[in-house]
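See below for the structure under consideration.
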Amino acid sequence: MAEKFVLHVGFHKTGTTAIQTSMYEARTELAKANITYLYARARAHHKAAWSLSQRMWGWKDRGGTKTSPKHWQKFAKKVNRLPGTVVSSSEFFSEIGPAEIQKIRNDIKVANVQIVFTLRPLVKMLASSYQQYLKYGVKATYEEWLHAQLDEPGKTEMTPSFWQRNFHGDSIANWAKVFGAQNITVMVVDETQPDLLYAEFNKFLSLPVGFLKPAETGGNRSLNVEEIEFLQTLNKQFPNEREWADYTMFIRESAIKALTNSKMPEGSKKLLTPDWAQEIVKQLTEHSVKKIRDSKVTVIGDLDTLAMASVPAGLDQPSGTMSINTAVQALLSIDQGVIRKFRWRKLLAEVIRRLKKRAGISKRGLSSNE
């Protein structure tokens, strides 16, 4: 049985992918230090988190799927039987509620469990979060999305997962109630010192200075205003009868990835965030910071910087145009290489699912004619 289990639970957009990639790249050396980095295909363990939350991946009734509870059971068994220190990470654990947190405590039999959060200013996560939801098929403009999230925080029907993962104070308090404040560590990301996060993880895991370090993660830049307008318009016009697998294969994994893997065009404009939205987020952050302090968890870094942060203010006006170069990059990305990325089992399962769906529709049609 493991002597210690360290679970990095997020939050989203706080350097989680960078830390996961760094630990993945160092997994052989970590093993020599009696530390097992437990990961899945995505260099993290998202499926274990999705298994607990029963989060839908994709579009409901159009090819979206839920992860079987068996994934969590297998994950817990593996943690329990491995020796030494076991480390795993997925920002999707930050979306689960008190009952699921308690299940983690019940199923993980390791005596010493440490929960780690990474945290950065919420105001700096708005634009990047919106872009992630665009890649999920959201059709709203940035301003429409902001109103949906901030007019009544936590009560939106549009991308409700945003508040499941971003009521930071509430989430940290929930984990502290189950695991004890003494076992919760919050690392505040200092964007002026990008290597500091790696240094803190090295200290936390008792690793030498420089052990975990930035690794090549591949291109994944933010979209500029022109590209965002392109994707939003594409989402609006994507046919309702098309499936999630189609969108994933030809939009997420081809057209959009081709843009985010490319160099940002010179003179590009990034999203601006209106003053009204920044003011609401500042108030929410102050409330969250108070909850974190009240929870008595260990904090590394300066919580006060979270409410003090700001981003360029304003509201971008749609242009209605897109450069020829942007269009060409998107088109060239759709080739046989995209299809090869998808494992044949996944493609076969999708074909079978569609055939069953079509058969079901046919049966209902016959029934209605009788």
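No lab work stands behind these numbers, since they all come straight from the coordinates. Bear in mind the structure is a predicted one, so any value in this text is a computation, not a measurement. As a convention, Cβ positions derive from the backbone with ideal geometry for all residues, glycine included, and neighbour counts pool all protein chains shown.
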- Too long for a 25 Å Cα-Cα cut-off, among K47/K103; K124/K269; K13/K70; K236/K257; K74/K296, are K13/K70; K74/K296
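Listed highest first by mean packing, meaning other Cβ atoms within 10 Å per residue, what order do 166-177, 293-304 come in? Write down the numbers at each step before the final one.
Working: 166-177: 21.2, 293-304: 15.2.
Going from most to least packed, we get 166-177, 293-304.
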- Springs between alpha-carbon atoms under 10 Å, Gaussian network over the chain: tell me which of G154, G58, G267 tops the mean-square fluctuations. G267
- For the chain, build the charge dipole from Cβ charges (+1 Lys, Arg; -1 Asp, Glu) around the Cα centre, then report which of A76, L272, T233 sits farthest towards its positive end. A76
- Give or take rounding to whole Å, what are the principal axis extents of the alpha carbon atoms in the stretch 1-145, in descending order? 49, 30, 26
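May I ask you to compute the full-extension gain from T321 to T192, defined as 0.36 nm times their residue separation minus their alpha-carbon distance, rounded to one decimal in nm?
Working: separation 129, 0.36 × 129 = 46.44 nm, distance 3.51 nm.
Contour length minus Cα-Cα distance gives 42.9 nm.
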- Report ³J(HN,Hα) in whole Hz for each residue of the stretch 313-321, in order, from the Karplus equation J = 6.51 cos²θ - 1.76 cosθ + 1.60 where θ = phi - 60°; Gly and Pro get x. 9, x, 9, 6, 9, x, 9, x, 10
- Task: Enumerate the amide H contacts of T36 below 5 Å, restricted to partners 5 or more residues apart or on another chain; note that Pro and chain-start residues carry no placed amide H.
- Result: T85, V86, V87
- Item | Mean-position separation - Cα centroids, the stretch 201-268 and the stretch 13-91, in angstrom | 20 Å
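Using 0.36 nm per residue of separation minus the Cα-Cα distance, give me the extension gain between A199 and K139 in nm, one decimal. Don't jump to the answer; show the numbers that get you there.
Details: separation 60, 0.36 × 60 = 21.60 nm, distance 3.96 nm.
Gain on stretching A199 to K139: 17.6 nm.
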- Starting at the first residue of the stretch 250-263, write each ³J(HN,Hα) from the Karplus equation 6.51 cos²θ - 1.76 cosθ + 1.60 with θ = phi - 60°, in whole Hz, x for Gly and Pro. 9, 10, 4, 8, 10, 4, 6, 5, 4, 6, 6, 8, 8, 6
- Task: Please report the base-10 log of the normalised intensity I(q)/I(0) for the stretch 96-196, using a Debye sum with one equal scatterer per alpha carbon and no solvent, at each q in 0.11, 0.13, 0.14, 0.17 (1/Å).
- Result: -0.45, -0.61, -0.69, -0.92
- Item | Förster-model FRET efficiency, 35 Å R0, F238 and K155, C-beta, rounded to 0.05 | 0.80
- Can you list the residues, at least 5 places off or on another chain, whose amide H is less than 5 Å from the amide H of L272, using H built in the peptide plane? D316
- Note on the structure: Long-range alpha-carbon pairs in the chain, meaning those over 26 Å apart, account in percent for 57 percent
- Query: Roughly what would the spin-label model give for V328 and D246, points 7 Å off Cα along C-beta, in nm?
  - Reply: 2.9 nm
- Task: Only Cα pairs under 8 Å and at least 6 apart count here; give the relative contact order of the stretch 1-108 as a rounded whole percent.
- Result: 44 percent
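When only C-alpha pairs under 8 Å and at least 6 residues apart count, what is the relative contact order of the chain, in percent? If you can, show how the numbers build up before the last one.
Details: 516 pairs, mean separation 75.6, N = 370.
Relative contact order here is 20 percent.
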